[in-house]
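The structure under discussion appears below in the form of C-alpha cells.
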Amino acid sequence: MWKLVCGSVQGTSHVQSGLPCQDYCVGTIVGTTLVAACADGAGSAELSQLGSKAAVDGFMEVVSGDALPTKEQVKTWVDSARQRLLHEAETNQSTPRQLACTFLAALVGDGWAAFAQVGDGVIVFDGPEGYEIAFWPDTGEYANTTRFLSEDNYSQHLRVEIVERHISELAVLTDGLQMLALDIAGAKVHDPFFAPLFKAVRNESDTAVLQTSLLEFMDSKRVNERTDDDKTLLLATRITVDVPPNLPDATA
C-alpha cells in the first residue's frame, strides 16, 4: 500500500509582497494506484493561484488509475486540466495568461508508471541505481522563464513518459525546491536531498506529525536561505505489510 504526504508553503518573497501561495497539489490513492498532480502559478500572473487549483482539480476529476494508460490517454487528461483553467479564466473575466501555471502529474500502479509535465518542477522516482528524474525542468528559451499550461501551444511542450517497471518511491515538487533537489552541474537528481525525506515518510506512523514536519521543513531557515519562492512537495512510498505465516488449525 502507499503512504503519502504533500503540502505547499508560501515563499518568503510572496509573504513580503503580500502575494498568496500560487502552488497547488493533490495526491490520492485510487485502488492500488498512486495519483498525484501539482501546479505552480506564474509569479507574474495575478490570478495564477486560481489557475493552479483549476488545472489540478480538472486533471484529478478525469484521470483513471485502473490500468496502465497510453500516452494519448494521459495527454487527454492534461488537456482536461487546461480546459478547466480556461473555464476558470472565463469565469473570472480574465485571460488565460493571468492564470498561467506549470503542471506536473504522476500515476504509479503495480509494475508501471505514467508521468506528464509542462514547464519546470521535478518528478523523481526510485531506480535500480538511485533516484531518477522523469523530465529535466523546462526553463524555456531565456533565463528564468518556463512553459505554461495556459499557452496556446502548450501541447508542443507537453512531455509524457510511460515506465513499465516497479516503482516504490515518488516525489513531485515545484521549482521552488528544484535547486535543492537537483545536481545542476551533473544534470542528475541530488540523492542526499531525497533519501532522508523518504526515510521519514516510511518511519513516521502519525500522519499529522508527518504533515507538520513536511511544512516545517519547507519553511525552515536553511531552505528559505536557498529559495524565496513558493514551495510544494509530495512524497510517497510503498509500505510493505508483513503477513503473518499461516498458523495450524487449532480445531484439527
Residue-count net charge about residue 57 - beta-carbon cut-off 11 Å; Lys, Arg +1, Asp, Glu -1:
0
Quick check: net charge around residue 7, other residues with Cβ under 11 Å of its Cβ, Lys/Arg +1 and Asp/Glu -1?
-2
Angle in degrees between helix 191-203 and the longest Cα principal axis of the chain, rounded to the nearest 10
50
Here, chymotrypsin sites (Phe, Trp or Tyr not before Pro) of the range 86-187 satisfying both criteria (DSSP loop; at most 12 other Cβ within 10 Å) are 142
Within the chain, the cysteines whose Cβ lies no closer than 4.7 Å to any other cysteine Cβ are 6, 21, 101
Round to the nearest 10 and give me the degree value, 0 to 90, for the angle of helix 71-91's Cα axis relative to the longest principal axis of the chain.
50
Residue 53: which aspartates and glutamates have alpha carbons under 14 Å from its alpha carbon, excluding same-chain residues fewer than 8 sequence positions away?
23, 40, 61, 88
Give me the distance in nm between label points sitting 7 Å out from Cα along the Cα-to-Cβ direction at residue 221 and residue 239, one decimal.
3.3
Cα centroid separation, the range 150-207 to the range 9-71 (Å)
14
Filtered GluC sites (Glu not before Pro), the range 98-202: DSSP coil and at most 13 other beta carbons within 10 Å:
129, 141, 164
Residue 75 to residue 44: FRET efficiency via 1/(1 + (r/R0)^6), r the Cβ-Cβ distance, R0 45 Å, to the nearest 0.05?
0.95
Excluding residues on the same chain fewer than 8 positions from residue 3, give the aspartates and glutamates whose Cα lies under 14 Å from its Cα.
169, 204, 206
Over the chain: helical MRE at 222 nm, DSSP H runs n ≥ 4 each giving -39500 (n - 2.57), nearest 500:
-9000 deg cm²/dmol
Extension length gain for residue 195 and residue 139 (0.36 nm per residue less Cα distance), in nm, is 17.6 nm
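Laboratory data are not the source of any read-out in this text; all were calculated from the coordinates shown. Keep in mind that what you see is a predicted model, and the values were worked out from it rather than measured. Ideal geometry is used to build each Cβ from the backbone, glycine not excepted, and the neighbour counts take in all protein chains shown.
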